[in-house]
Amino acid sequence: MNIFNLLAQDEYRQQRTSRFIVEGALFQLILSFIMIALYLNTEIKPLILLAIPVFFFLIYIVLRYIISGIEYSEVFSKDEYMQMKKRNIFRSIGFATVFAVMMILVKSSIFESIAVAFIAGVLWLIMDTISLSKSYRKNQEL
């Protein structure tokens, strides 16, 4: 199995995404050595020290992908931009609704389930909006 089958079919996006993954892996490696030094010299729990580089790796890749402006390569006009913006709003609402229902089925507290789903939906919308705006500006420059 080739890892590039999991990435986008566009060669430019594949190259950029793989570059983000390599950058994140290098930062994770450096951060792991720092965490080993912290483990040897402090009383911090090992699970926390193991989790920090992994979370940093995932967050770094997601943020780099969002800020790079390569996700929406087909948005060139203002009408396409507004259409994608509307689609992103409906996708975020749909995601938050499904997430809320799943959380209610798993958790007993309805308020907590709805609050977590609302926050997740808002974060999804913010990430999509930033990515769409960056992509639109980048496509306008081309």
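Okay, here's what the table says:
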| read-out | value |
| --- | --- |
| Local net charge near GLY121, Cβ-Cβ under 11 Å (Lys/Arg +1, Asp/Glu -1) | 0 |
| Environment charge at ILE70 (Cβ cut-off 15 Å; Lys +1, Arg +1, Asp -1, Glu -1) | 0 |
| Which of GLY94, LEU38, SER68, positive extreme of dipole for the chain (C-beta unit charges) | GLY94 |
| Stretch in the chain that is longest and holds no GluC sites (Glu not before Pro) that DSSP places in a loop and that have at most 11 other beta carbons within 10 Å | 75-142 |
| For segment 3-68, convex hull volume per residue from C-alpha positions, Å³ | 82 Å³ |
| More than 28 Å apart - percent of Cα-Cα pairs taken over the chain | 40 percent |
| Net charge dipole size for segment 78-141 [Lys, Arg +1 and Asp, Glu -1 on Cβ; Debye, nearest 20] | 160 debye |
| Low-density loop cleavage sites - chymotrypsin sites (Phe, Trp or Tyr not before Pro) in segment 20-124, where at most 15 other Cβ are within 10 Å (DSSP) | PHE76 |
| Cα pair distances exceeding 13 angstrom across segment 78-141, given as percent | 64 percent |
| Count of lysine pairs in the chain with Cα separation under 14 Å (8 or more residues apart, or interchain) | 4 |
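Only the coordinates and a few stated rules stand behind these numbers; no lab work does. Keep in mind that this is a model prediction, so the values were computed, not measured. Quick reminder, even Gly has a Cβ in these numbers, built from the backbone with ideal geometry, and neighbours come from all protein chains shown.
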